[in-house]
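A short worksheet on the structure shown next.
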Amino acid sequence: MQSFTLVIYASPQSPSSMTALNFARALLASGHSLYRLFFYQDGVYNACSFQVPPQDEIDLPAAWQALVQEHEIDAVVCVASALKRGIVDTAEAERYELAAANLREGFVISGLGQLIDATLNSDRTLNFLP
Amino acid sequence: MTAKKQKILVIIRQAPYSSVLPEAALDIVLTAAAFEQEVSLLFFSQGVLHLLAQESTDSSAMKNISRALPSLELYEVNNILLDREALQANALQEDELLLPAKLLNPVEISAAIAAADQVFNC
């Protein structure tokens, strides 16, 4: 039994994000635990609710959300990465007077300190680059 | 948070202005240092070009993250490592570098990676 943190730098359009999702599913199925998912850089698009993938493609943000909600995983989206890419929760949307919020339920926006905290508190931290 | 200090090695391997990853890596370095961890930074492969001293982005809108490198010692990030082979491959001389770095050969790089508790390979 080990605890893992996965850092996702890749957008949902990168195969690396799918690999990370499959890895997360596999480690949970093997009885390991997920301390945290940390979405960094283009990885923040995995937490966006405004994407409409073609019908013959997987809806990766929806698949992440299902996993996060089913296993009550701590899923953190880097605030600096998110704001510059237009991913906001209702608080940030109000703060910057944006037309809408688009962060999926189950994800939280927080700082890079959450990545270092996760590194210190999980047995293994894996990076999924684009 | 655990009390034990961890050895965190961050690797910058992409050339300047080619990717967002070097800046992402530098942000991890600064945050880990703020958490008072034992942080090392390795410039690997084309990443060594970040250490070129005579860089200016004044004529473009590009962000020059190398400007932040001399302030790393204020964060007590003193273990700056450099891929010796990449330095040679890019025809760089040690006296052209922004800050002093330890030049490592491939075996020493392997050892640095093996000695780290955590590696962020960007």
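One table, with the values for the structure above:
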| item | result |
| --- | --- |
| Residue B:103 paired with residue A:70, simple spin-label distance in nm, labels 7 Å along Cα-to-beta-carbon | 5.4 nm |
| Percentage relative contact order, chain A, counting C-alpha pairs under 8 Å, at least six apart | 37 percent |
| Chain B, relative contact order [Cα under 8 Å, separation at least 6], % | 36 percent |
| Rounded to 5, the percent of DSSP beta bridges in chain B classed as antiparallel | 5 percent |
| Residue A:124 versus residue B:71: modelled label distance in nm, points set 7 Å from Cα along the beta carbon direction | 3.7 nm |
| For chain B, with +1 on Lys and Arg beta carbons and -1 on Asp and Glu, the positive-most of B:43, B:82, B:113 along the dipole | B:113 |
| Hull shadow area, averaged, region A:53-130 [alpha-carbon convex hull, nm²] | 6.8 nm² |
| Radius of gyration, Dmax [the protein assembly as shown; alpha carbons; angstrom] | 19.1, 57 |
| Förster-model FRET efficiency, 25 Å R0, residue A:55 and residue A:19, C-beta, rounded to 0.05 | 0.65 |
| Kirkwood hydrodynamic radius over Cα pairs of chain A, then Stokes diffusion coefficient at 25 °C and 0.890 mPa s, in µm²/s | 168 µm²/s |
| Cα centre as origin, Lys/Arg/Asp/Glu Cβ charges: region B:1-44 dipole, Debye | 200 debye |
| Cα-based shape type of chain B, given that a ≥ b ≥ c are square roots of the gyration tensor eigenvalues and the cut on a/c is 1.5 | oblate |
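Since every read-out is calculated from the coordinates, none of them should be taken as a lab result. Since the model is a prediction, treat every value here as computed from it, not as a measurement. Methodologically, a virtual Cβ is constructed for each residue, glycine included, from the backbone with ideal geometry; neighbour enumeration extends over all protein chains shown.
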